[in-house]
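Data block below; observations after.
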Amino acid sequence: LDCAVRLGDAVLNGPVDATILQGDSPDAFNDVKNPDRVVPTETKLTLDGGALRLPPHSLVIVRVTDC
């Protein structure tokens, strides 16, 4: 999914630090038998013309430091 990211009138471009919490389905969760099925990962994503591509079944937190 492409997601538009806006900060006022600034068009954001370039790499951003991100934390992604992602599972293999929308119903994924951790339990005793699968304690690491859904875990946060640190990565870099790229904003292109103010848009960010998000992975399926995820919660994404991006940290924008310059705009």
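Observations, loosely collected:
- Relative contact order (percent, whole number), the chain, Cα cutoff 8 Å, 6+ residue spacing: 48 percent
- Volume of the convex hull of the chain (Cα atoms only), normalised per residue: 82 Å³.
- Per-residue Karplus couplings for region 56-61, computed as 6.51 cos²θ - 1.76 cosθ + 1.60 with θ equal to phi - 60°, are listed in order as x, 6, 9, 10, 10, 10 Hz, Gly and Pro entered as x.
- Extension gain, ILE61 to ALA10, is 16.5 nm, computed as 0.36 nm per intervening residue step minus the present C-alpha separation.
- Of all accessible heavy-atom area on the chain, the percent that carbon and sulfur account for (1.4 Å): 54 percent
- The phi-based Karplus calculation (6.51 cos²θ - 1.76 cosθ + 1.60; θ = phi - 60°) puts the 3J(HN,Hα) values of region 12-29 at 8, 9, x, x, 9, 6, 9, 10, 10, 10, 9, x, 7, 7, x, 9, 5, 7 Hz, whole numbers, x for Gly and Pro.
- Those trypsin sites (Lys or Arg not before Pro) in the chain that DSSP places in a loop and that have at most 11 other beta carbons within 10 Å: ARG6, LYS33
- Note that region 45-51 has calculated 3J(HN,Hα) couplings of 10, 10, 7, 10, x, x, 10 Hz, one per residue in order, obtained from phi through the Karplus relation 6.51 cos²θ - 1.76 cosθ + 1.60 (θ = phi - 60°); glycine and proline are x.
- Protein-only accessible surface order, largest first, of VAL11, VAL39 at 1.4 Å: VAL11, VAL39
The values are calculated or read from the model by the stated rules, or taken from the named source; none is laboratory data. Since we're looking at a predicted model, the values are computed, not measured. Positions of Cβ are generated from backbone atoms using ideal geometry, with glycine treated the same way; all protein chains shown enter the neighbour counts. Accessible surface is based on the protein model in full, side chains and every heavy atom, while ligands, DNA and RNA are left aside. Shrake-Rupley method; radii C 1.70, N 1.55, O 1.52, S 1.80 Å.
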